[in-house]
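Data first, discussion second: the structure below is written as structure tokens.
The values are calculated or read from the model by the stated rules, or taken from the named source; none is laboratory data. Remember, it's a predicted structure, so these values are computed and weren't measured experimentally. Note that we place each Cβ from the backbone using ideal geometry, even for glycine, and neighbour counts take in every protein chain shown. Calculation scope for accessible area: heavy atoms of the full protein, side chains included, ligands and nucleic acids excluded. Shrake-Rupley method; radii C 1.70, N 1.55, O 1.52, S 1.80 Å.
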Amino acid sequence: MSAPTGPTTGPSISELLDADVVRSIADDVWLAMVGEDEVLLPLPGPAPEHPLSAWVEVVGPWNGAVVLTCDRATAEELTRCVLRANPPEHVVDEDVEDAFGELANVLGGGVKSLLPGPSALGLPEVGPTPSAAPASDTCRVDAQWRGQSLTISVQGATPASSHTERNEVPL
Amino acid sequence: MKILVADDSRVMRQIVIRTLRQAGYDGHDVVEAENGRDALDKVGSEQPDLVLSDWNMPEMTGIECLRALRASGSDVPFGFVTSEGSDEMRSTAAAAGALFLIAKPFTPEAFDAALAPVLG
């Protein structure tokens, strides 16, 4: 897996956006991609037993990542919704990686549009939850969807091994 | 008419095709491409009437594909469907010859507003 990487030298995320803004972006993504009747409740829940994350990196004046985390079973349920699988059917790992990654990708696009530019968005990745960033450079939204916990973390880069050069897509 | 949908995400291609139908464009042939390189090849082989392309893709990005098309003399109508809709990207897209940029998450109404002038 790769974690959000690279030094953070610019403003912290708390200076650029707040949880209400991230929640609003997520609400729009849920309505458009998960379903018209699907809502995210702004309530924290228990930590997922088998967490899975999807994320995209942001490289620019602010460096970090937008990370979506929930239980693997919740990611599979989200995938069934995104695919409009009717009747609900078994989804394979490739579907989950694709759909869950796209949710993070669209969330990341919404966040990036509010950050100072020019910034570049990486390609979505799915895997174990990346290392957390300092609380001072993290904007975290805790929510529940269909009774399951889900978090969206807009977090600054951590000094882990870098993948940004590979993923960065310039204008 | 034939529409080429380019996105490295199979799920997103499905969503784009579903949204095309919801927007009332369900009578058109749809061809899929997995990245900009594949789209570039398929514009040549499939002769689509419109290209709907993601921006951020491996192998070749959407903007690189559009620039390669225009450099080769192709004037196929081209629009972006992408998760990034900044003013900077919109102006970059327009300068390269794109007709529109639809930002994700999108609605059937957004599709119709962008596509109606092209597909009628």
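How big is the range A:78-128 by the Kirkwood estimate over distinct Cα pairs, in Å?
Final number for the Kirkwood radius of the range A:78-128 is 12.3 Å.
With a 1.4 Å probe and all protein chains kept in place, how do B:H28, A:H50, A:H90 rank by accessible area, largest first? Please report the intermediate quantities before stating the final value.
Numbers: B:H28 50, A:H50 115, A:H90 155 Å².
Output order, biggest surface exposure first: A:H90, A:H50, B:H28.
Relative to the Cα centre, what is the charge dipole magnitude of the protein assembly as shown, using +1 at the beta carbon of each Lys and Arg, -1 at the beta carbon of each Asp and Glu, and rounding to the nearest 20 debye?
Charge dipole, the protein assembly as shown, about its Cα centre: 360 debye, nearest 20.
At 0.36 nm per residue, minus the direct Cα-Cα distance, what do B:S91 and B:R18 gain on full extension? Give it in nm, one decimal, please.
23.5 nm
Can you pull the mean other chain C-beta count within 10 Å for peptide A:102-115?
5
In the range B:4-46, which residues become less accessible by 10 Å² or more once every protein chain is in place, relative to the chain on its own, using a 1.4 Å probe?
B:D8, B:S9, B:R10, B:V11, B:M12, B:Q14, B:I15, B:R18
Could you tell me what percent of the accessible area of the protein assembly as shown is made up of carbon and sulfur, with a 1.4 Å probe and every protein chain present?
Solvent-exposed carbon and sulfur of the protein assembly as shown make up 50 percent of the total.
Which value results for Rg/Rh of the range A:13-155 when Rg is the Cα radius of gyration and Rh the Kirkwood radius based on the inverse mean 1/r?
Looking at the range A:13-155, the ratio lands at 0.95.
Counting Lys and Arg as +1 and Asp and Glu as -1, each charge on the Cβ, what is the dipole of chain B about the Cα centre in debye, to the nearest 20?
100 debye
Run a plain Debye calculation on chain B (Cα atoms as equal point scatterers, no solvent) and give log10 I(q)/I(0) at q = 0.13, 0.14, 0.18 Å⁻¹, rounded to two decimals, same order as the q list.
Log-scaled intensity ratios, in q order: -0.42, -0.49, -0.85.
Using a loss threshold of 40 Å², tell me which positions in the range B:52-77 are less accessible in the complex than in their chain alone. Probe radius 1.4 Å, ligands and nucleic acids ignored.
Buried by 40 Å² or more upon assembly, which counts only protein chains, are B:N56.
How much solvent-accessible surface does A:E38 expose, in Å² to the nearest 10, with a 1.4 Å probe and all protein chains in place?
30 Å²
Nearest 100 Å² is fine: what is the total accessible surface buried where chains A and B meet, probe 1.4 Å?
That pair hides around 1900 Å² of surface in total.
Expressed as a whole number of Å, what is the distance separating the alpha-carbon centroids of the range A:92-152 and the range A:48-68?
Cα centroid to Cα centroid, the span is 4 Å.
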